[in-house]
């Protein structure tokens, strides 16, 4: 490994801003751990009196619950909450559970069907849950893009189905980011395509939701085309030179700093040729982050960097303070404490680095695979390693002293995978693994579930009052025809500080037959057809818009005479309305890069008990044959060309409740495909038909499948695997009779 400074003066993280971790240490004793890196987002806790050894056989193991977890628990409000996977066969699901933090008794659990994704079962539960001590709410992002806000009793307060509603992609990699809370906002990174002006190739966006209502406050697209469609970097919040920022690694290989209240980009730093999975950490005005992909300026893999966070614009060439090349830290986030930066590389080597100069102090192996992030508490490092290894170390200037090492296993004796970190809280240590949830501590110590104050981030720049940006809230709306939406306008100065809201001029863009009052009250026409557009507010030369999709009651029909419907979402840039044999049709071609399978959603995710139908045709090139299908309420029916069969399923990676039926069909022939789903209290009945378009519809269903674990609602859609062109026409969505 080599270290270079590239002519930039090395400097320590000067305390020009209150340091989040140090301020937190000086505050009242921290007694909870509501998010995966703690309240200060540093991985550092001020807990004392924590045990230095324990055993799965009983020593200092206060309680244990069997559970299949993959991420870090949230400990707050006297509860331990985690997500994971449960069930077998047709009952495979994602699960979110909360236990009593003192004794481990289960308080509630909520299971979720996994839909419209190729993420396999063993990657379910990837992203950590996030707790909000202010409200007691818990936020969970499922691997398939369902975002849920749950109250103390486990009831859903609000939710989004991000794939169907915002175009979030969910691929085999399964790497799922974790939401964070800042003030009254829940901030989440979302990778995927979208609708309207944001459609086309996928992008990595940041979306801020109102944490109480789920309404979108702002969405920001700071970068370019993702190099990876799955990343797990989690944003951090910091105040740097008076600016409140969120800082995160992006799927395009950059690190971005955005105004936390507006999403306006402040600076960018190009770090990697591929996506960033490591979450940054900040000390003073210095951001530390790493990656394990190809470097942008030399053909080597991996780099750890220190970045001056006080800049603006593109700071790639000016913001680097130091670097360590050829150190591949691809997943664990750095930990900084008392001037030492701790990182874990891909081979599970713990590396201690002088945070001011970038000099390596020592290395120590904790196993073979580095995925989880280190945690500092009570003068010790608490570490987990993928192959079931759990370590407690006491670091020193020349290396660590091993205090304890345990190996976790599942029931059949195989090691238990661990991807999450320790959560120190309430004088104890909590950790989840494939084998279960562990509460570790002194069983004789008194238990008190005391909340901690939020860390102070430092003084922000005083508002100037000058309006530099606006927000129309909610910024993303799915409305029914005739529904009234009350928009409000927010104003901010050049530093992202709130400003007084002046009188604005409100207009509509692309929304016909609707009314808009000067105060931002919007009412779509009760007779409106499906459409998409914007509600725009303008103050002088500054404007902002809310993106609105309006859906009429069923039935719907689409023949593409007016091009691709602007309200359709997803699918990427290989889809377009084209002329074929004198008619306008919808073509899905081969992707320019990446996979050829895409889903396109044509309506909102709240629909149920309906039928979707379309005319379809494939081409053929050599032996390559495509797949063409429909989506209805989370169920997919595919006509599979190479296999000459029909497949019905709800979870592609696991083929949950899947059934296959032989069915011969030809290229260059138009077929009509029809998919109907009916649900009741006990089951879902999925029925499909396929017939040549120029023949009469048959009376009998071609395929019939029952699901005893019914999915009750979801968007209608088109799906296709298209290494060659496939076509759709006459798409219809109808209520079931």
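On the given criteria, is residue 635 under 20 Å from residue 585 (Cα atoms) and either assigned by TED's automatic domain parsing to the domain that holds residue 603 or surrounded by fewer than 22 Cβ atoms within 10 Å (Cβ to Cβ) (or both)?
On the way: under 20 Å from residue 585 (Cα atoms): no; either assigned by TED's automatic domain parsing to the domain that holds residue 603 or surrounded by fewer than 22 Cβ atoms within 10 Å (Cβ to Cβ) (or both): yes.
Here the answer is no, as residue 635 does not meet what is asked.
Which members of the stretch 514-545 meet the condition of being assigned to a strand (DSSP E or B) and more than 13 Å from residue 485 (Cβ to Cβ)? Show your work before the answer.
Narrowing the stretch 514-545 to residues assigned to a strand (DSSP E or B): 515-516, 521-523, 531-539, 542-545.
531, 532, 536, 537, 538, 539, 542, 543, 544, 545 - these are the residues of the stretch 514-545 that are assigned to a strand (DSSP E or B) and more than 13 Å from residue 485 (Cβ to Cβ).
Among strands (runs of 3 or more DSSP E) lying entirely in the stretch 546-617, which contain 1 or more residues that are under 20 Å from residue 198 (Cβ atoms) and modelled with pLDDT under 95? Let's see the steps before the verdict.
Working: elements: 556-558, 575-580, 583-588, 597-601.
Passing ranges, in order: 575-580, 583-588, 597-601.
Would you point out the residue of the stretch 619-632, among those that are part of a loop (DSSP other than H, G, I, E, B) and in contact with a strand residue (DSSP E or B) (Cβ under 9 Å, 6 or more places away or on another chain), that is surrounded by the most Cβ atoms within 10 Å (Cβ to Cβ)?
If we filter the stretch 619-632 for residues that are part of a loop (DSSP other than H, G, I, E, B), which is where we start, we get 619-620, 622-623, 625-626.
Checking which are in contact with a strand residue (DSSP E or B) (Cβ under 9 Å, 6 or more places away or on another chain) leaves us with 619, 625-626.
Numbers: 619: 16, 625: 23, 626: 26.
In this case the residue turns out to be 626.
Of the conditions (1) in the same structural domain as residue 210 (by TED's automatic domain parsing); (2) in contact (Cβ under 8 Å) with a residue 12 or more places away in the chain; (3) assigned to a loop (DSSP other than H, G, I, E, B), residue 429 fails just one. Which one is it?
Here residue 429 clears every test but (3).
Being buried (at least 24 other Cβ atoms within 10 Å of the Cβ) and either over 22 Å from residue 178 (Cα atoms) or in contact with a helix residue (DSSP H, G or I) (Cβ under 9 Å, 6 or more places away or on another chain) (or both) is the filter here; which residues of the stretch 337-354 pass it? Show your work before the answer.
At the first step, the residues of the stretch 337-354 found to be buried (at least 24 other Cβ atoms within 10 Å of the Cβ) are 341-344, 350, 353.
Selection gives 341, 350, 353.
Taking the stretch 193-220 only, how many residues are surrounded by fewer than 20 Cβ atoms within 10 Å (Cβ to Cβ), modelled with pLDDT under 95 and over 19 Å from residue 533 (Cβ atoms)?
1
Need the failing condition index for residue 650 against (1) touching a strand residue (DSSP E or B) at 6+ places or on another chain (Cβ under 9 Å); (2) in contact (Cβ under 8 Å) with a residue 24 or more places away in the chain; (3) surrounded by fewer than 23 Cβ atoms within 10 Å (Cβ to Cβ); (4) within 21 Å of residue 113 (Cα to Cα), just the number.
Against the list (1) touching a strand residue (DSSP E or B) at 6+ places or on another chain (Cβ under 9 Å); (2) in contact (Cβ under 8 Å) with a residue 24 or more places away in the chain; (3) surrounded by fewer than 23 Cβ atoms within 10 Å (Cβ to Cβ); (4) within 21 Å of residue 113 (Cα to Cα), residue 650 comes up short only on (3).
One line per residue, one yes/no per condition, for (1) surrounded by fewer than 24 Cβ atoms within 10 Å (Cβ to Cβ); (2) part of a loop (DSSP other than H, G, I, E, B):
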position: 269; (1), (2): no, no
position: 274; (1), (2): yes, yes
position: 279; (1), (2): no, yes
position: 306; (1), (2): no, no
position: 330; (1), (2): yes, yes
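Quick one: residue 587 ticks every box in (1) surrounded by fewer than 18 Cβ atoms within 10 Å (Cβ to Cβ); (2) farther than 16 Å from residue 732 by Cα; (3) over 28 Å from the mean Cα position of the chain (by Cα); (4) in the same structural domain as residue 715 (by TED's automatic domain parsing) bar one, so which box is it?
Result: residue 587 fails condition (1) only.
Which of the residues that make up the stretch 80-98 are without any contact (Cβ under 8 Å) to a residue 60 or more places away in the chain, out of contact with any helix residue (DSSP H, G or I) (no Cβ under 9 Å at 6 or more places or on another chain) and in a strand (DSSP E or B)?
If the condition is that a residue be without any contact (Cβ under 8 Å) to a residue 60 or more places away in the chain, out of contact with any helix residue (DSSP H, G or I) (no Cβ under 9 Å at 6 or more places or on another chain) and in a strand (DSSP E or B), then 81, 83, 86, 94, 95, 96, 97, 98 are the ones that fit.
Which residues, taken from the stretch 86-103, are closer than 23 Å to residue 124 by Cα and over 17 Å from the mean Cα position of the chain (by Cα)? Steps first, please.
The initial filter retains those residues of the stretch 86-103 that are closer than 23 Å to residue 124 by Cα, namely 86-99.
Once the filter is applied, which keeps residues that are closer than 23 Å to residue 124 by Cα and over 17 Å from the mean Cα position of the chain (by Cα), the stretch 86-103 yields 86, 87, 88, 89, 90, 91, 92, 93, 97, 98, 99.
Among (1) touching a residue at least 40 places away in the same chain (Cβ under 8 Å); (2) part of a loop (DSSP other than H, G, I, E, B), there is one condition residue 163 misses while meeting the rest; what is its number?
(2)
For residue 648, state whether it is in a strand (DSSP E or B), farther than 18 Å from residue 674 by Cα and out of contact with any helix residue (DSSP H, G or I) (no Cβ under 9 Å at 6 or more places or on another chain).
Values: in a strand (DSSP E or B): yes; farther than 18 Å from residue 674 by Cα: no; out of contact with any helix residue (DSSP H, G or I) (no Cβ under 9 Å at 6 or more places or on another chain): yes.
Against the criterion (in a strand (DSSP E or B), farther than 18 Å from residue 674 by Cα and out of contact with any helix residue (DSSP H, G or I) (no Cβ under 9 Å at 6 or more places or on another chain)), residue 648 does not qualify.
Could you say whether any residue in the stretch 487-495 is part of a loop (DSSP other than H, G, I, E, B), outside the structural domain of residue 196 (by TED's automatic domain parsing), within 23 Å of residue 198 (Cα to Cα) and more than 33 Å from the chain's Cα centre (by Cα)?
Our first condition is that a residue be part of a loop (DSSP other than H, G, I, E, B); within the stretch 487-495, this holds for 487, 493-495.
Now narrow it down to the ones that are outside the structural domain of residue 196 (by TED's automatic domain parsing): 487, 493-495.
So of that shortlist, the ones also within 23 Å of residue 198 (Cα to Cα) come out as 487.
Remaining after also requiring more than 33 Å from the chain's Cα centre (by Cα): none.
Within the stretch 487-495, none of the residues are part of a loop (DSSP other than H, G, I, E, B), outside the structural domain of residue 196 (by TED's automatic domain parsing), within 23 Å of residue 198 (Cα to Cα) and more than 33 Å from the chain's Cα centre (by Cα).
Of all residues in the stretch 368-406, how many are surrounded by fewer than 24 Cβ atoms within 10 Å (Cβ to Cβ) and assigned to a loop (DSSP other than H, G, I, E, B)?
Residues that pass the stated criteria total 10.
Residues are listed down the side, and each one gets a yes or a no for (1) crowded, with 23+ Cβ neighbours inside 10 Å; (2) modelled with pLDDT of 95 or more; (3) within 30 Å of residue 496 (Cβ to Cβ); (4) not assigned by TED's automatic domain parsing to the domain that holds residue 247:
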{"residue": "114", "(1), (2), (3), (4)": "yes, yes, no, no"}
{"residue": "129", "(1), (2), (3), (4)": "yes, yes, yes, no"}
{"residue": "142", "(1), (2), (3), (4)": "yes, yes, no, no"}
{"residue": "152", "(1), (2), (3), (4)": "no, yes, no, no"}
{"residue": "167", "(1), (2), (3), (4)": "yes, no, yes, no"}
{"residue": "170", "(1), (2), (3), (4)": "yes, no, no, no"}
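Based on this model, can you work out whether residue 104 counts as touching a strand residue (DSSP E or B) at 6+ places or on another chain (Cβ under 6 Å), modelled with pLDDT of 95 or more and either on the phi > 0 side of the Ramachandran plot or outside the structural domain of residue 178 (by TED's automatic domain parsing) (or both)?
Working: touching a strand residue (DSSP E or B) at 6+ places or on another chain (Cβ under 6 Å): yes; modelled with pLDDT of 95 or more: yes; either on the phi > 0 side of the Ramachandran plot or outside the structural domain of residue 178 (by TED's automatic domain parsing) (or both): yes.
For residue 104, the condition - touching a strand residue (DSSP E or B) at 6+ places or on another chain (Cβ under 6 Å), modelled with pLDDT of 95 or more and either on the phi > 0 side of the Ramachandran plot or outside the structural domain of residue 178 (by TED's automatic domain parsing) (or both) - is met.
Answer yes or no: is there a residue in the stretch 242-265 that is in contact with a helix residue (DSSP H, G or I) (Cβ under 8 Å, 6 or more places away or on another chain) and either surrounded by 24 or more Cβ atoms within 10 Å (Cβ to Cβ) or part of a strand (DSSP E or B) (or both). Break it down into steps so the answer makes sense when it comes.
The initial filter retains those residues of the stretch 242-265 that are in contact with a helix residue (DSSP H, G or I) (Cβ under 8 Å, 6 or more places away or on another chain), namely none.
Checked the stretch 242-265: no residue is in contact with a helix residue (DSSP H, G or I) (Cβ under 8 Å, 6 or more places away or on another chain) and either surrounded by 24 or more Cβ atoms within 10 Å (Cβ to Cβ) or part of a strand (DSSP E or B) (or both).
Six or more apart or on different chains, Cβ under 8 Å: which pairs go from a residue in the stretch 397-418 that's assigned by TED's automatic domain parsing to the domain that holds residue 64 to one that's exposed (fewer than 14 other Cβ atoms within 10 Å of the Cβ) and part of a strand (DSSP E or B)? Could you list them?
Note: pairs meeting the criteria are 400/394; 401/394; 403/394; 415/407.
Give the residue, chosen from 656, 687, that is in the same structural domain as residue 603 (by TED's automatic domain parsing), at pLDDT 95 or above and in a strand (DSSP E or B).
Testing whether each residue is in the same structural domain as residue 603 (by TED's automatic domain parsing), at pLDDT 95 or above and in a strand (DSSP E or B) leaves just 687.
The values are calculated or read from the model by the stated rules, or taken from the named source; none is laboratory data. Values in this document were obtained by computation on a predicted structure and should not be read as measured data. Counting neighbours? That spans all protein chains shown, and the Cβs are built from the backbone with ideal geometry, glycine included.
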